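The values are calculated or read from the model by the stated rules, or taken from the named source; none is laboratory data. Predicted, not measured: the structure shown is a model, and the values here were computed from it. Cβ coordinates were reconstructed from backbone atoms using ideal geometry, including for glycine residues, and neighbour counts include every protein chain displayed. Side chains included, ligands, DNA and RNA excluded: accessible areas come from the protein's heavy atoms. Shrake-Rupley method; radii C 1.70, N 1.55, O 1.52, S 1.80 Å.
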Amino acid sequence: MKFVKALPISSALLIIISITLTHAAKFDITNNCPDTVWAAAVPGGGRQLDKGQTWTITAAPGTKAARIWARTKCQFDASGKGKCETGDCNGLLECQGYGAAPNTLAEYALKQFNDMDFIDMSNIDGFNVPMEFSSVSPSCNRVIKCTANILGECPNELKVPGGCNGPCPVFKTDEYCCNSGNCGPTGFSKFFKDRCPDVYSYPKDDATSTFTCPSGTDYKVVFCP
């Protein structure tokens, strides 16, 4: 009798779990670069991706301030501790926090205002690998890319091994970081914007750099598309 009484509760839990999984957004992260990269995601962790490999993660509705990026020239020991030349996240294979600049970023917030997902790419923390961030569901057709030769054309002041830094991580001034909430484009931000016009180039670059899709959309991130 106790089992019979417990059954409806179990069934209800299964329904709740099923609904949650049904509405979780899927992100396929693929490495098309000639070299190995170490994909990173918060939430999600991290994964080594050789050329052609894909790592799939999911994120629940309501997830905010989420990021996906590539790390380069990493070395990790058997316990998952080590270091990367770019995008390092406190020396961990399984990232628990954001990566160090420079890194090309895909950012998202799911099921926000009006049941919409908000997605963008950012060069505010600089650039380390070309990237595409796009939707793959019939309900939305968004493609954001940054595939310009930023590493080859990077201003000398922003050059670092393996990447092109954003001016905020380098100079740490209000002009570049917008700490006071009042700032505009600079020569350095225009360098990124001219080459990747759909991508964030400085913190107040919302008008041309934030895109939406209906909640429930699935996405892909491609390194070196």
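Before moving on, here are some points about what is shown:
- Computed extension length for LYS204-ASN182: 7.1 nm, one decimal, from 0.36 nm per residue of separation with the Cα-Cα distance subtracted.
- This model, with +1 at the C-beta of Lys and Arg and -1 at the C-beta of Asp and Glu, gives the chain a dipole about its Cα centre of some 620 debye.
- Among the listed pairs LYS73/LYS204; LYS26/LYS190; LYS111/LYS220; LYS83/LYS190; LYS64/LYS193; LYS64/LYS145, those whose Cα-Cα separation exceeds 28 Å are LYS73/LYS204; LYS26/LYS190; LYS83/LYS190.
- Rounded tilt (10° steps) of 2-23 against the dominant C-alpha axis of the chain: 30
- Per residue, the Cα convex hull of the range 72-136 amounts to 114 Å³.
- Order of exposure, largest accessible area first, which applies to PHE191, PHE27 with probe 1.4 Å: PHE191, PHE27
- The range 25-223: relative contact order in percent, alpha carbon pairs under 8 Å with at least 6 residues between: 23
- Max-minus-min Cα coordinates of the range 11-141 on each principal axis give 45, 32, 25 Å, with the largest extent listed first.
- Note that the range 124-225 carries a Kirkwood radius of 14.6 Å, evaluated over its alpha carbons pair by pair.
- The protection proxy used here, the mean number of other Cβ atoms lying within 10 Å of each residue, ranks peptides 30-37, 214-221, 73-80 as follows, highest first: 214-221, 30-37, 73-80.
- Cα-based shape type of the range 89-172, given that a ≥ b ≥ c are square roots of the gyration tensor eigenvalues and the cut on a/c is 1.5: prolate
- Measuring with a 1.4 angstrom probe and ignoring ligands and nucleic acids, LYS190 comes out at about 110 Å² accessible.
- Ligands, DNA and RNA excluded, the heavy atoms of ILE124 present near 40 Å² of accessible surface to a 1.4 Å solvent probe.
- Candidates PRO130, PRO169, PRO102, ranked by Gaussian network fluctuation over the chain, Cα under 10 Å, top entry: PRO169
- Portion, in percent, of the accessible area of the range 25-223 that falls on carbon or sulfur, probe 1.4 Å: 47
- Normalised radius of gyration (Cα atoms, divided by 2.2 N^0.38 Å) for the range 147-195: 1.16.
- Å² per residue, accessible surface of the chain at 1.4 Å: 51
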